[in-house]
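The values are calculated or read from the model by the stated rules, or taken from the named source; none is laboratory data. Please read all numbers here as calculations on a predicted model, not as lab measurements. Here the Cβ positions follow ideal geometry from the backbone for every residue, glycine too, while neighbour counts run over all protein chains shown. Heavy atoms of the whole protein, side chains included, go into the accessibility calculation; ligands, DNA and RNA do not. Shrake-Rupley method; radii C 1.70, N 1.55, O 1.52, S 1.80 Å.
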Amino acid sequence: MLAEQYLQRYRERGDVDDILRARAQAQRSLRIQPDGNVAALQELASAQLALHRFDDALTTTRAARRLAPDDPSLAMGEASLEMEVGDYAGARRLVARFATNTDATQGVATRLAEMTGDLPRARRLLSLAARQVDAIYGVPNERRAWYHVRLGELAFEAGANGDALREEATALARFPDDAQALTDTARFDAALGRWSDARDAAQHAVMVMPSPENLGLLADAQQRAGDTAGAAATCDEIVAVERIGNAHRLVDRLLAVYYADHGIRLDDAYAIAARDARVRPDVLSEDTLAWTAARSGRWEVARRAARRATAWNTPDARIWYHAGVIAEHAGERAAALADLRRALALNPDFAPVFAADARRRVTTLE
């Protein structure tokens, strides 16, 4: 129970030491009661997942499932971890067998539908789960907010940017310091050119949890406002996060994306993305690897990674934009045009700079 509370506090405050505390308490519970201690195994797996020890988390979850093979929550935990390591077929088998009409299993089924290209189904499932959670007394506000954070992200992927911002506002009404809701709000505002609003949301997000993503959004907003000194200081903080605050490699992907998007430290970006892909070979890691490889001139690596990133038809406009840029460089005109059009069809305002670049490239290729 103590491990569970430490993990809840980590989700609310972002202190990585709380994950370590949770892991230690789960291990202590298992030493005290090593036989049949499914609850401790679940908390240990959750801590390992939060630390990006995906293989360890899978091993622990499967040990718990051997004790309770018909438990849907354990099966969904395994399915979720299989998606983290890129095994979408394995996750699909578990979801097909164990998914139930509960918010916990629907959350995993939502993620699977999203990552494998069925965005309408993902939005339907998560809307139902959010309504269920909002109707249950005693659910932590951070947990309530999570569902609306994800609904906002799915709406943005579908190009419903107004709906996306409304869902993030709902999340913040439930939990005002939700770092991901604040970061998403800043990202969506920036994509729509609402730089003052983006700056405000990013500043709040940075106060809660200074990640490379929200720091990058703040730096971009400061630059747009003409605050070059502030933007430079914020960029320095991103480097500090890499050197000091990333001991457990929890923000590798975010660092790689920031460096690649801004055309800086490109060899470092590629090395970080390659490291992340070895640990977590899911669609998003493959996309990050493809983009950092392209930006650093490793075009053949980029082509192979882009093929893996698009293999499941994940409806993320950034993935298809990156694939289109890589295909265009390879002289694959038809493929590039199809990928870029798909990015813009998903969301014509998916990013403040790259959406305009996608439109320019489509005009050139047509």
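If only the Cβ of Lys and Arg carry +1 and only the Cβ of Asp and Glu carry -1, the dipole of the range 146-192 around its Cα centre is close to 60 debye. Computed per residue of the chain from DSSP H runs no shorter than four, each worth -39500 (n - 2.57), the mean residue ellipticity at 222 nm is -25000 deg cm²/dmol.
When the surface is traced with a 1.4 Å probe over the full set of protein chains, residue 157 keeps roughly 30 Å² accessible. When 127, 196 are compared by accessible area of protein heavy atoms, the largest-first order is 196, 127, using a 1.4 Å probe.
Here is the size of the range 142-189 from its Cα atoms: Rg then Dmax, 9.1, 26 Å.
Farthest toward the positive end of the dipole of the chain, out of 115, 94, 216, is the Cα of 94, where the dipole comes from beta carbon charges about the Cα centre.
Taking the Cα centre of the range 64-207 as origin and assigning +1 to Lys and Arg Cβ atoms and -1 to Asp and Glu Cβ atoms, the resulting dipole is close to 380 debye.
The slack between residue 104 and residue 239, meaning 0.36 nm per residue of separation minus the straight C-alpha distance, is 45.0 nm. Taking P(r) over Cα pairs in 20 Å bins from 0, in percent as calculated from this structure, the corresponding entry among (i) 27, 61, 11, 0; (ii) 25, 52, 21, 2; (iii) 25, 48, 24, 3, 0 is (i). Taking label positions 7 Å along the Cα-Cβ direction at both residue 363 and residue 225, the computed distance is 3.1 nm, reported to one decimal. Sorted into 5 angstrom bins from 0, the C-alpha pair distances of the range 167-245 split as 3, 20, 27, 24, 16, 8, 3 percent. Taking label positions 7 Å along the Cα-Cβ direction at both residue 173 and residue 135, the computed distance is 1.8 nm, reported to one decimal.
With an a/c value of 1.5 or above and a/b not larger than b/c for the gyration tensor axes a ≥ b ≥ c computed over the alpha-carbon atoms, the range 98-188 is described as oblate. Candidates 231, 8, 195 compared by Cα position along the dipole of the chain: farthest toward the positive end lies 8, with charges placed on Cβ.
The residue list 147, 133, 325 was ranked by how far each Cα lies along the charge dipole of the chain toward its positive end, using unit charges on Cβ atoms, and 325 comes out on top. For residue 152, the shell of other residues with beta-carbons less than 9 Å away shows a net charge of -3, using +1 for Lys and Arg and -1 for Asp and Glu.
Using a 1.4 angstrom probe with every protein chain in place, what is the largest-first accessible-area order of 54, 175? Each step should come with its number before you reach the end.
Working: 54 5, 175 40 Å².
Largest accessible area first, the residues go 175, 54.
Between the range 293-366 and the range 248-278, the alpha-carbon centres lie 19 Å apart.
Averaged over all directions, how much area does the convex hull of the C-alpha atoms of the range 48-203 cover when projected, in nm²? Numbers along the way, then the final one.
On the way: hull surface 38.9 nm².
Mean shadow area of the hull around the Cα atoms is 9.7 nm².
Rounded to whole Å, the principal axis extents of the Cα atoms in the range 1-130 read 44, 33, 25, largest first.
An ellipsoid equivalent to the range 219-366, defined through the eigenvalues of its Cα gyration tensor, has semi-axes of 26, 20, 12 Å when rounded to whole angstrom and sorted largest first.
Can you work out the FRET efficiency for the pair residue 279 and residue 4, with r the C-beta to C-beta distance and R0 = 35 Å, to the nearest 0.05? Present the calculation step by step, with values, prior to reporting the outcome.
Numbers: r = 25 Å, r/R0 = 0.72.
So the FRET efficiency works out to roughly 0.90.
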